[in-house]
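*Asks:* Here it is, the structure, as structure tokens.
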Amino acid sequence: MLILGIETSCDETAAAVVADGRRVLSSVVATQFELHAQYGGVVPEIAARRHLENILPVIQAALDQAGVTLKEIDGLAASQGPGLIGALVIGMAVAKALAFTLKKPLAGVHHLQAHILAAFLTDAPPAFPFIALVVSGGHTNIYLVRAFRDMELLGRTRDDAAGEAFDKVAKLLRLGYPGGVKIEALAREGDPGVYALPRPRIPQEPLTFSFSGLKTAVVHQVKKHPEILGDPVAQAHLAASFQEAVVESLTNRAWLALEATGCTRLVVCGGVAANGRLRQVLQERAGSGGAELFLPPLNLCTDNAAMVAAAGYFQLQAGERLDLAADVYSRG
Ligand code: KG4
Ligand code: ZN
């Protein structure tokens, strides 16, 4: 069964063709980094308008690269939320129009569930049940995943998402956008032990994340020592210290969730899961801690439409069809 997946929840216009929810025939991603870099972050209305320009060429490229025509597609899948409304509307409207004219079923995909299902697009997918840590620009969620359509939220962030913290600290250090990649590159030159930064915990809620205190601590360091901004070595130390605090917080909570549920498998996904230091620490801990770790390759961690097509496949298999009058949603 061939699914055409469409992703426009934030600043990537993406389309992909996936066979049977497992085999990626094509995955095309048009990023808008340069467009938003001058504003230091994603401008929703500009993102939506760029999606409108990109969406049909990106879909055509995905079909061409897969070597299939629209007529050969068995179903459509589009991100329905959470995300930027104006951006989601573009992908969903195109998906609806295609489903309507081709008379094919449409799946409305939960973007975070799609991130988790990216783990099934690899050669070694996880068995159920497993813990999934989704770390993206807008979310930091831990789920207990019992089946494709059975995901229980165990913990989330009470304030900023991990990716958001990377982006905000990058802006503060004047590294530009997108922040995560820039912090990672700079941190490679730095010593994470130089700045003592907090690891916020909420004792009664061990699986709840909090990153705004960490971000504020970085702000205080820069206010106290403004010379950091003109000193690449100090900047690198601060980036490394910040990254280490985030990595530790994510890794510790993931293992708490494994222990609390008795699960032995861990999937880590979403844009921040592309971070090399996070991947390294997770691998080390899995090696010594007896857990089986599933880390999708980098291009399946950041936003893409192959994961949307995979999620859509499992929904359509379960008989779920999106009503052509359904709306998109920003939260959920
Ligand atoms: O999943 P994603 O591509 O889009 C959302 O659904 O939000 O995640 C984007 C987030 C951004 O905050 C970006 O800074 C972060 O992922 N990110 C990284 C890295 N690559 C992307 N954070 C840390 N290290 C990276 N290498
Ligand atoms: Zn995402």
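The values are calculated or read from the model by the stated rules, or taken from the named source; none is laboratory data. In this text the structure is predicted, and so the values were computed from the model without any measurement. Note: ideal-geometry Cβ built from the backbone for every residue, glycine included; neighbour counts use all protein chains shown. Each accessible area value is taken on the protein alone, full model and side chains, heavy atoms only, with ligands, DNA and RNA left out. Shrake-Rupley method; radii C 1.70, N 1.55, O 1.52, S 1.80 Å.
*Asks:* Could you grab me the full set of residues in segment 85-115 that are within 11 Å of ligand 2 (Cβ to nearest atom) and among the hydrophobic types (A, V, I, L, M, F, W, C)?
*Replies:* 112, 114
*Asks:* Name the one entry in 279, 253, 265, 285 that is open to solvent by 10 Å² or more (accessible area, probe 1.4 Å) and within 14 Å of ligand 1 (Cβ to nearest atom).
*Replies:* 279
*Asks:* Being surrounded by fewer than 22 Cβ atoms within 10 Å (Cβ to Cβ), of a type outside the set (Gly, Ala, Ser) and away from ligand 2 (no atom under 15 Å from the Cβ) narrows it down to one residue among 43, 58; which is it?
*Replies:* Of 43, 58, the one residue that is surrounded by fewer than 22 Cβ atoms within 10 Å (Cβ to Cβ), of a type outside the set (Gly, Ala, Ser) and away from ligand 2 (no atom under 15 Å from the Cβ) is 43.
*Asks:* Filter segment 16-45 for residues that are out of contact with any strand residue (DSSP E or B) (no Cβ under 7 Å at 6 or more places or on another chain) and hydrophobic (A, V, I, L, M, F, W, C); which is modelled with the highest pLDDT?
*Replies:* Here the residue is 43.
Residues checked against (1) within 16 Å of ligand 2 (Cβ to nearest atom); (2) touching a Pro at 6+ places or on another chain (Cβ under 7 Å); (3) not hydroxyl-bearing (Ser, Thr, Tyr):
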position: 278; (1), (2), (3): yes, no, yes
position: 283; (1), (2), (3): no, no, yes
position: 288; (1), (2), (3): no, no, no
position: 297; (1), (2), (3): yes, no, yes
position: 301; (1), (2), (3): yes, no, yes
position: 304; (1), (2), (3): yes, no, yes
position: 307; (1), (2), (3): yes, no, yes
position: 310; (1), (2), (3): yes, no, yes
position: 317; (1), (2), (3): no, no, yes
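*Asks:* While we're on this one: Scan segment 174-183 and give yes if some residue there is open to solvent by less than 20 Å² (accessible area, probe 1.4 Å) and under 21 Å from the mean Cα position of the chain (by Cα), otherwise no.
*Replies:* Yes, segment 174-183 contains a residue that is open to solvent by less than 20 Å² (accessible area, probe 1.4 Å) and under 21 Å from the mean Cα position of the chain (by Cα).
*Asks:* Something else: Of the numbered conditions (1) within 30 Å of residue 145 (Cβ to Cβ); (2) aliphatic (A, V, I, L, M); (3) not in a loop (DSSP other than H, G, I, E, B), residue 202 satisfies every one except a single condition; which is it?
*Replies:* So residue 202 meets the others, but not (3).
*Asks:* Here's a follow-up. Pick from 160, 123: which is of a type outside the set (A, V, I, L, M, F, W, C), surrounded by fewer than 23 Cβ atoms within 10 Å (Cβ to Cβ) and in contact with a helix residue (DSSP H, G or I) (Cβ under 8 Å, 6 or more places away or on another chain)?
*Replies:* 160
*Asks:* Pairs needed: first member in segment 197-221, in the same structural domain as residue 138 (by TED's automatic domain parsing); second member anywhere, in a loop (DSSP other than H, G, I, E, B) and among the polar types (S, T, N, Q); C-beta distance under 6 Å; at least 6 residues apart or different chains.
*Replies:* What qualifies is 200/210; 202/208.
*Asks:* Sticking with this structure for a sec: Restricting attention to helices (runs of 4 or more DSSP H) lying wholly within segment 231-332, give those where 2 or more residues are without any contact (Cβ under 8 Å) to a residue 60 or more places away in the chain.
*Replies:* Of the helices (runs of 4 or more DSSP H) lying wholly inside segment 231-332, those with at least 2 residues that are without any contact (Cβ under 8 Å) to a residue 60 or more places away in the chain span 232-261, 276-289.
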